[in-house]
Amino acid sequence: MTPAEDDPAAEIPGETSAIRNAASRRVLDPVSRASEILFGLIMVLTFTLSLAAAEAGRADVRAVLIGLLGCNLAWAIIDAVMYLMGVRGERGLAHSTLQAIRSAGSPAEGRAIVAGDLPPAVRPALTTRDLERIRLHLASLPADSVQVRLGREDYLGALCVFLLVFLCLFPVAAPFILLDDVTLALRISNAVAVAMLFLTGFTFGRQVGRPWRTGLLMVVIGTALVAVAITLGG
């Protein structure tokens with residue numbers, strides 16, 4: 001048996017640091033990025049498609065663009081704040097779990113806490129010995145190993161959320177700013193929005209192995225959500 005297999009705290013040389021470096025470079029995971037872009041595009045499309053419901057003139061377009069700018073700015077701020085609240089909540093739960101493992105009345109109780117915090121798909125792959133190794137490792141961590149307080153990376157993530165939601169506005173709104181023909185601008189704007197939805201899904205799909213299918217699915221989901229929002233008066 002190797003030292004790494006025998007010691008719960010042992011690390012494979014270079015592997016742990018590589019994992020940490022990879023995690024630190026990724027401010028938002030692919031699902032979060034795709035979700036934020038989808039949310040921003042839905043917000044934009046509920047405004048721009050309202051122009052198709054009537055014979056819109058330049059004054060109407062200007063009013064819609066001003067409303068769109070304010071709405072996306074507000075929701076980008078709200079989404080960024082909610083992101084920070086979510087991060088703080090997850091850290092709080094992790095800290096509480098760590099404290100519960102340390103204060104467990106018996107090793108079996110500590111292992112039960114560890115098992116309850118693992119994804120359901122992972123639990124069957126772990127034996128009692130595996131759970132005990134994890135429990136010992138967590139119990140040996142310093143008291144300040146889980147920082148509940150928000151840090152630089154968290155605020156950077158919130159900034160990314162803000163930019164993803166807010167900047168989705170400009171490619172879709174640009175045709176209305178650059179063209180006088182509202183009908184042509186609407187068609188180009190819709191084409192840009194569909195292309196952005198597809199590219200978002202395609203990029204996310206590269207992470208899961210089905211980029212084309214995911215790209216098309218993102219277009220279908222985005223279009224359906226926009227239709228629901230417009231139907232319900234959003």
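Data for the structure
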quantity: Check on Glu153, surrounded by fewer than 16 Cβ atoms within 10 Å (Cβ to Cβ) and in contact with a Ser or Thr (Cβ under 8 Å, 6 or more places away or on another chain); calculated: yes
quantity: Checking Ser96 against (1) touching a residue at least 12 places away in the same chain (Cβ under 8 Å); (2) surrounded by fewer than 15 Cβ atoms within 10 Å (Cβ to Cβ); (3) over 29 Å from Phe39 (Cβ atoms), the condition it does not meet; calculated: (1)
quantity: Condition check for Ala139: surrounded by fewer than 20 Cβ atoms within 10 Å (Cβ to Cβ) and either touching a helix residue (DSSP H, G or I) at 6+ places or on another chain (Cβ under 7 Å) or not hydrophobic (A, V, I, L, M, F, W, C) (or both); calculated: yes
quantity: Test: Thr203 is β-branched (Val, Ile, Thr) and over 30 Å from Ile37 (Cβ atoms); calculated: no
quantity: Filter pass, Ala112 being in a helix (DSSP H, G or I) and over 30 Å from Gly157 (Cα atoms); calculated: yes
quantity: Listing of helices (runs of 4 or more DSSP H) fully contained in the range 145-220 that carry 1 or more residues being among the polar types (S, T, N, Q) and at pLDDT 85 or above; calculated: 182-208
quantity: Glu55 surrounded by fewer than 16 Cβ atoms within 10 Å (Cβ to Cβ), at pLDDT 85 or above and out of contact with any Phe, Trp or Tyr (no Cβ under 9 Å at 6 or more places or on another chain); calculated: no
quantity: Close pairs (8 angstrom Cβ cut-off, 6 or more residues apart or separate chains): closer than 19 Å to Ser189 by Cβ in the range 157-179, surrounded by fewer than 15 Cβ atoms within 10 Å (Cβ to Cβ) anywhere; calculated: Phe166/Leu73; Pro175/Leu184
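The values are calculated or read from the model by the stated rules, or taken from the named source; none is laboratory data. Here the structure is a predicted model, which means the values were calculated and not measured. Every residue, glycine among them, receives a Cβ derived from its backbone with ideal geometry; neighbour counts consider all protein chains shown.
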